[in-house]
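Colleague: Got a structure for you, written out below as structure tokens; questions coming shortly.
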Amino acid sequence: MDELVSIVIPAFNCEDRIEETIKSALDQSYSNVEVIVVDDCSSDNTINVCKKFGDRVNLVCFDSNKGGSAARNAGVLASKGKFISFLDSDDLFYRDKVEKQLNKMLVSGKDLSFCCAHDELGNKLGFLNESDFPFGLLSGKNDIVSSSAIMISRELFDVIKGFDESFPRKQDVEFFTRASLSESPIFVKHPLFKKINSGSPSYANVKSGINLLDDKFIFLKKEFSLGKRLRVKSFNYIRLFELSLRERNLKFIYYFLMSFLTCPLMSFYRLRRYINKLVLFFRPDQG
């Protein structure tokens with residue numbers, strides 16, 4: 001393997017964690033990598049932290065905040081690799097991440113892949129439970145964890161024209177759904193990075209992302225069976241339930257009921273993960 005792999009890191013106000021993230025990208029067992037950091041007009045010390053790495057990092061700086069999708073697209077534009085790997089500024093690549101994922105792609109001849117991850121407690125994240133990949137991704141039966149799991153050939157990235165910059169959230173799902181319509185992805189079952197929880201997205205942004213997904217892929221959903229369409233709806237409802245509950249928004253009652261009515265099994269499966277949050281919601285002494 002001698003193909004150049006470009007690791008693209010979008011960064012915004014992450015001075016406390018970007019150094020460790022960059023180090024994880026530079027310290028790969030596969031040596032033929034370049035690292036591109038795109039600073040999305042940070043107001044903290046992120047740029048100076050990045051400059052400490054000198055010419056080991058190609059630093060691109062925006063003069064206005066444009067969002068993660070625009071930052072990833074700009075990073076790819078500034079890169080030279082035949083393959084692109086994305087790394088969120090709050091995640092950490094394991095040392096063999098690029099080597100193992102690239103090897104799987106070269107052996108299979110695939111232009112698209114994703115991998116599992118660990119959370120901060122060592123739990124395994126990411127799964128492939130549905131052969132109809134776009135449906136699995138939109139319904140939660142397939143989980144790509146985050147953009148840090150994705151490796152894609154430059155050729156395919158150019159064909160699908162990169163990330164859609166109109167998405168405030170769900171941009172990784174939108175991107176990977178579109179990519180999977182052109183190329184069925186290969187799944188690396190081994191955790192190859194650590195997903196760091198840096199906070200929850202807002203209910204409003206996720207709702208906007210879900211609405212945009214619904215509009216963009218309505219042509220795809222028309223091909224789904226009724227059962228599949230209900231599964232997608234239930235997954236979206238339960239995600240909005242989770243976020244509205246976290247923000248102590250009483251809409252969580254509506255979303256849970258709608259999720260239960262469309263797909264009860266989905267509701268019970270996801271609810272098990274949020275019992276503690278329900279307890280906190282009804283305890284006013286908890287922040």
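Colleague: Which entries in the list Lys161/Lys207; Lys97/Lys189; Lys195/Lys221 go over 21 Å, if you measure between the two C-alpha atoms of each?
Modeller: Where the Cα-Cα span goes over 21 Å, the pairs concerned are Lys161/Lys207; Lys195/Lys221.
Colleague: Next question. Taking 35 Å as R0, compute the FRET efficiency from the Cβ-Cβ separation of Phe219 and Asn129 and round it to 0.05.
Modeller: 0.90
Colleague: Got a sec to turn the phi values of the stretch 152-159 into Karplus ³J(HN,Hα) couplings, 6.51 cos²θ - 1.76 cosθ + 1.60 with θ = phi - 60°, whole Hz, x for Gly and Pro?
Modeller: Each residue's phi maps through the Karplus curve to give 9, 6, 4, 4, 5, 4, 5, 4 Hz.
Colleague: How much length is gained if the chain between Asn13 and Arg95 is pulled fully straight, taking 0.36 nm per residue apart and subtracting their Cα-Cα distance, in nm to one decimal?
Modeller: Extending this stretch completely gives an extra 27.0 nm.
Colleague: So who's got an amide H within less than 5 Å of the one on Val188, skipping anything under 5 residues away but keeping other chains? H placed 1.01 Å off N, in plane.
Modeller: Amide H to amide H, under 5 Å and 5 or more residues apart or across chains, Val188 pairs with Phe114, Cys115, Cys116.
Colleague: Here is a further query. Please work out the average accessible area per residue across the stretch 138-244, using the 1.4 Å probe convention, and give it in Å². Can you show the working numbers first?
Modeller: Details: 4470 Å² over 107 residues.
Per-residue accessible area for the stretch 138-244 comes out at 42 Å².
Colleague: Oh, and also: How far, in nm, would the chain grow between Ser29 and Ile47 when pulled straight, counting 0.36 nm per residue and subtracting the alpha carbon separation?
Modeller: Result: 3.9 nm gained on full extension.
Colleague: Ok, one more. Can you give the local net charge around Glu15? Use residues other than it whose beta-carbon is closer than 14 angstrom to its beta-carbon, Lys and Arg +1, Asp and Glu -1.
Modeller: With Lys, Arg at +1 and Asp, Glu at -1, the neighbours total -4.
Colleague: Which of the aspartates and glutamates could a cross-linker span from Lys82 if the Cα-Cα distance has to be under 19 Å and same-chain partners fewer than 8 positions apart are dropped?
Modeller: Within the straight-line limit of under 19 Å, Lys82 reaches these aspartates and glutamates: Asp2, Glu3, Glu34, Asp96, Glu99, Asp111, Glu155, Asp158, Glu183.
Colleague: Against the empirical 2.2 N^0.38 Å scaling, what ratio does the C-alpha Rg of the stretch 85-141 come to?
Modeller: 1.27
Colleague: Using alpha carbons only, how many angstrom separate the centre of the stretch 1-72 from the centre of the stretch 220-255?
Modeller: 34
Colleague: Would you pull out the residues with amide H under 5 Å of Lys170's amide H, same chain only if 5 or more places away, H placed 1.01 Å from N?
Modeller: When sequence neighbours closer than 5 places are left aside, there are no close amide H contacts.
Colleague: Using the Cβ atoms and a cut-off under 12 Å, what net charge is assigned to the surroundings of Ala179, where Lys and Arg are +1 and Asp and Glu are -1?
Modeller: -4
Colleague: If you average the C-alpha positions of the stretch 136-199 and of the stretch 82-104 separately, how far apart do those two centres end up, in angstrom?
Modeller: One Cα centre to the other: 13 Å.
Colleague: Please list the equivalent ellipsoid semi-axes of the chain, computed as the square roots of five times the alpha-carbon gyration tensor eigenvalues, in descending order and whole angstrom.
Modeller: That gives 32, 23, 17 Å for the three semi-axes.
Colleague: Turning to a different aspect of this structure: Of the options Met258, Asn211, Asn48, report the single residue whose Cα projects farthest towards the positive end of the charge dipole of the chain (beta-carbon charges: Lys, Arg +1; Asp, Glu -1).
Modeller: Result: Met258, furthest along the dipole toward the positive end.
Colleague: Could I have the simple spin-label model distance between Asn249 and Asn103, label points 7 Å from Cα toward Cβ, reported in nm to one decimal?
Modeller: 4.5
Colleague: Work out from phi, with θ = phi - 60° and the Karplus expression 6.51 cos²θ - 1.76 cosθ + 1.60, the ³J(HN,Hα) of each residue of the stretch 115-131, listed in order in whole Hz, and give x for Gly and Pro.
Modeller: These are the phi-based 3J(HN,Hα) values: 9, 7, 9, 10, 8, 5, 9, x, 6, 7, 10, x, 7, 10, 10, 9, 6 Hz.
Colleague: Which is farthest toward the positive dipole end of the stretch 42-198 among Leu192, Phe167, Pro134, measuring Cα position about the Cα centre, with Cβ charges +1 (Lys, Arg) and -1 (Asp, Glu)?
Modeller: Going by the charge dipole, the pick is Leu192.
Colleague: Tell me which residues come under 5 Å, amide H to amide H, from Glu15 once H is placed; ignore anything under 5 positions away on its chain.
Modeller: Asn45, Thr46
Colleague: While we're on this one: Using the Karplus curve 6.51 cos²θ - 1.76 cosθ + 1.60 with θ = phi - 60°, work out ³J(HN,Hα) for each residue of the stretch 229-240 in order, rounded to whole Hz, and write x for Gly and Pro.
Modeller: 5, 5, 4, 4, 4, 4, 4, 5, 4, 6, 5, 5
Colleague: Under a Cβ-only charge scheme (Lys and Arg +1, Asp and Glu -1), can you give me the dipole magnitude of the chain about the Cα centre, in debye to the nearest 20?
Modeller: 1260
Colleague: How large a share of the accessible area of the chain, in percent, is made up of carbon and sulfur atoms when the probe is 1.4 Å and the other protein chains stay in place?
Modeller: It is 52 percent, rounded to a whole number.
Colleague: Compute the FRET efficiency between Leu257 and Asn65 as 1/(1 + (r/R0)^6), taking r as their Cβ-Cβ distance and R0 = 35 Å, and round to the nearest 0.05.
Modeller: Values: r = 37 Å, r/R0 = 1.06.
Here the calculated transfer efficiency is 0.40.
The values are calculated or read from the model by the stated rules, or taken from the named source; none is laboratory data. No experiment lies behind these values; they were computed from the predicted model shown. Neighbour counts run over all protein chains shown; Cβ positions are idealised from the backbone, glycine included. Ligands, DNA and RNA are excluded from the accessible area calculation, which covers all protein heavy atoms including side chains. Shrake-Rupley method; radii C 1.70, N 1.55, O 1.52, S 1.80 Å.
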